[in-house]
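Enquirer: Pasting a structure below so you can have a look.
The values are calculated or read from the model by the stated rules, or taken from the named source; none is laboratory data. Since the structure is predicted, the reported quantities are computational estimates derived from the model, not experimental observations. A quick note on method: Cβ atoms are made from the backbone with ideal geometry, for glycine too, and the neighbour counts reach across all protein chains shown.
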């Protein structure tokens, strides 16, 4: 097996310091992170690659002349409206860029020239980091699967294929947007009373789903699967994903073929790609399956992947209502939980996706599915938190919610943490509902 090397190197040194002073105490973007994204300066439509460092962005177009060799070549590849070209052949060019930028941003002698290619992050607009050709949303959160299944099938919440097959569906790539995009409340067919025809109306059971986005790198020819031992080399990195869902549309349409209009009106991603190399110190063992659960089939099993195929990433979701904003009340945390809630590893998702010969492309998006934990404090959707709308949640300020109302804003955050490593973050994934 040839799983990629997850051994941290000098770019992960927790004692490393940048001459960009605010980066050293930044909760998300210290020099040990260096996430990649696509931005446009204020008042411009000129989109180009950038890297977050503290509260500023490194313009890769401007940085290319300050770098050498493959790092300079990589910066020029990233001088585009997407990161697809940078990851076309895998992760090697992005890794070279990381090494070059780490040196540029830690060696004080570079500060004079490099300062000129930094932009204030709050004055820039961010885009989805890749031109997404295909989007597949998986269902790897087993606690979420059990919770949702229990709402509809109390006696049989988890179907027997779940523990053998990484379940997923193909979503809509054209409606993926970066953090901050407004969510326009979707309309659709909704079930009426028994014996009456459905009717079309705005969704009244609008929900979020707390997920992570797995971005792919490289490609495989049509008809040639990616083995579990090679799958890690096809993971560019991670972002946060909010898979917005209209539960009332979903309840009417999902049989017999699954999600459709209940899911494809908007999917929101955080704009920063935290690369697989940046996440090396945060790889951890895949949680052992409960006793009695079947071992994955041979094509999905790799010892190295089981030992280091999961991520020590903690996610949280908060809500800010219109009334809270008006009153100056801080957002209310709805839940918090670990990415290790995944029943399948990221590599297993890549391998299963291609076992039939499906060809992945650079910048394909794989959603993990909602990552709920075992208790309400870690549930990843309002459907679970409100028990299908039966139990309203109490929010700071005295409001209650079962599902989202107009003016509500959902804020998702995630941080990677591990002993002996400098913690890094993913930025925010935000979206506000408009009627």
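Enquirer: If residue 100 satisfies all but one of (1) out of contact with any helix residue (DSSP H, G or I) (no Cβ under 6 Å at 6 or more places or on another chain); (2) in a helix (DSSP H, G or I); (3) buried (at least 19 other Cβ atoms within 10 Å of the Cβ), what's the number of the condition it fails?
Expert: (1)
Enquirer: As an exercise: evaluate residue 18 against (1) closer than 30 Å to residue 303 by Cα; (2) touching a strand residue (DSSP E or B) at 6+ places or on another chain (Cβ under 8 Å) and give the number of the one condition it does not meet.
Expert: With respect to (1) closer than 30 Å to residue 303 by Cα; (2) touching a strand residue (DSSP E or B) at 6+ places or on another chain (Cβ under 8 Å), residue 18 is out only on (1).
Enquirer: Based on this model, can you work out whether residue 432 counts as touching a residue at least 24 places away in the same chain (Cβ under 8 Å), in a strand (DSSP E or B), farther than 25 Å from residue 187 by Cβ and in contact with a strand residue (DSSP E or B) (Cβ under 6 Å, 6 or more places away or on another chain)?
Expert: When the stated conditions are applied, residue 432 does not pass them.
Enquirer: Taking the criterion of being in contact (Cβ under 8 Å) with a residue 12 or more places away in the chain and part of a loop (DSSP other than H, G, I, E, B), would at least one residue in region 143-156 satisfy it?
Expert: Within region 143-156, the subset in contact (Cβ under 8 Å) with a residue 12 or more places away in the chain is 143-148, 151.
Of the ones still in play, those that are also part of a loop (DSSP other than H, G, I, E, B) are none.
Scanning region 143-156, I find no residue that is in contact (Cβ under 8 Å) with a residue 12 or more places away in the chain and part of a loop (DSSP other than H, G, I, E, B), so the answer is no.
Enquirer: Quick one: which residue in 421, 304 is in contact (Cβ under 8 Å) with a residue 60 or more places away in the chain, surrounded by fewer than 21 Cβ atoms within 10 Å (Cβ to Cβ) and part of a helix (DSSP H, G or I)?
Expert: After ruling out the rest, the residue left standing is 304.
Enquirer: Follow-up. From the list 35, 30, 41, exactly one residue is in contact with a strand residue (DSSP E or B) (Cβ under 7 Å, 6 or more places away or on another chain), more than 24 Å from residue 112 (Cβ to Cβ) and assigned by TED's automatic domain parsing to the domain that holds residue 122. Which is it?
Expert: 35
Enquirer: In the set 373, 389, which member is part of a loop (DSSP other than H, G, I, E, B), on the phi > 0 side of the Ramachandran plot and surrounded by fewer than 24 Cβ atoms within 10 Å (Cβ to Cβ)?
Expert: Only one candidate qualifies: 389.
Enquirer: Identify, from the list 227, 239, the residue that is assigned by TED's automatic domain parsing to the domain that holds residue 167, part of a loop (DSSP other than H, G, I, E, B) and in contact (Cβ under 8 Å) with a residue 24 or more places away in the chain.
Expert: 227
Enquirer: A follow-up question, please. Mind checking which residues of region 1-23 are more than 24 Å from the chain's Cα centre (by Cα), touching a residue at least 12 places away in the same chain (Cβ under 8 Å) and either farther than 13 Å from residue 278 by Cα or crowded, with 17+ Cβ neighbours inside 10 Å (or both)?
Expert: Passing the criteria: 1, 2, 16, 17, 18, 19, 20, 21, 22.
Enquirer: Now for a different question. Is there a residue in region 317-328 that is buried (at least 23 other Cβ atoms within 10 Å of the Cβ), in contact with a strand residue (DSSP E or B) (Cβ under 7 Å, 6 or more places away or on another chain), in the same structural domain as residue 173 (by TED's automatic domain parsing) and outside any strand (DSSP E or B)?
Expert: Within region 317-328 (the criterion being buried (at least 23 other Cβ atoms within 10 Å of the Cβ), in contact with a strand residue (DSSP E or B) (Cβ under 7 Å, 6 or more places away or on another chain), in the same structural domain as residue 173 (by TED's automatic domain parsing) and outside any strand (DSSP E or B)), the answer is no, since none of the residues qualifies.
Enquirer: Let me ask something else about it. Given the criteria farther than 17 Å from residue 211 by Cα, touching a strand residue (DSSP E or B) at 6+ places or on another chain (Cβ under 9 Å) and surrounded by fewer than 17 Cβ atoms within 10 Å (Cβ to Cβ), does residue 363 qualify?
Expert: So residue 363 fails the test.
Enquirer: Name the single residue that is surrounded by the fewest Cβ atoms within 10 Å (Cβ to Cβ) among those in region 173-206 being assigned to a strand (DSSP E or B) and under 17 Å from the mean Cα position of the chain (by Cα).
Expert: 177
Enquirer: When the residues of region 395-416 are filtered to those that are loosely packed, with under 15 Cβ neighbours inside 10 Å and in contact (Cβ under 8 Å) with a residue 60 or more places away in the chain, which remaining residue is farthest from the chain's Cα centre (by Cα)?
Expert: 397
Enquirer: Restrict the check to region 281-288 and report whether at least one residue is in a strand (DSSP E or B) and touching a strand residue (DSSP E or B) at 6+ places or on another chain (Cβ under 9 Å).
Expert: There is at least one residue in region 281-288 that is in a strand (DSSP E or B) and touching a strand residue (DSSP E or B) at 6+ places or on another chain (Cβ under 9 Å).
Enquirer: Hey, can you tell me all the residues within region 424-435 that are within 20 Å of residue 35 (Cα to Cα) and crowded, with 18+ Cβ neighbours inside 10 Å?
Expert: Hits for region 424-435 are 424, 425, 426, 427, 429, 430.
Enquirer: Can you tell me which condition residue 358 does not meet? The list is (1) under 21 Å from the mean Cα position of the chain (by Cα); (2) part of a loop (DSSP other than H, G, I, E, B); (3) within 26 Å of residue 94 (Cβ to Cβ), and all the others hold.
Expert: Failed condition: (1).
Enquirer: Give the number of residues within region 250-297 that are within 30 Å of residue 206 (Cβ to Cβ) and either in contact (Cβ under 8 Å) with a residue 40 or more places away in the chain or touching a helix residue (DSSP H, G or I) at 6+ places or on another chain (Cβ under 6 Å) (or both).
Expert: So the answer is 20.
Enquirer: Let me ask something else about it. Can you tell me which condition residue 277 does not meet? The list is (1) surrounded by fewer than 20 Cβ atoms within 10 Å (Cβ to Cβ); (2) within 24 Å of the chain's Cα centre (by Cα); (3) in a loop (DSSP other than H, G, I, E, B), and all the others hold.
Expert: Among (1) surrounded by fewer than 20 Cβ atoms within 10 Å (Cβ to Cβ); (2) within 24 Å of the chain's Cα centre (by Cα); (3) in a loop (DSSP other than H, G, I, E, B), residue 277 violates only (1).
Enquirer: Check 392, 338, 362 and return the single one that is outside the structural domain of residue 94 (by TED's automatic domain parsing), out of contact with any helix residue (DSSP H, G or I) (no Cβ under 6 Å at 6 or more places or on another chain), without any contact (Cβ under 8 Å) to a residue 60 or more places away in the chain and under 30 Å from residue 84 (Cα atoms).
Expert: 338
Enquirer: Going by the conditions given, is residue 297 modelled with pLDDT under 95, within 28 Å of residue 171 (Cα to Cα) and loosely packed, with under 14 Cβ neighbours inside 10 Å?
Expert: No.
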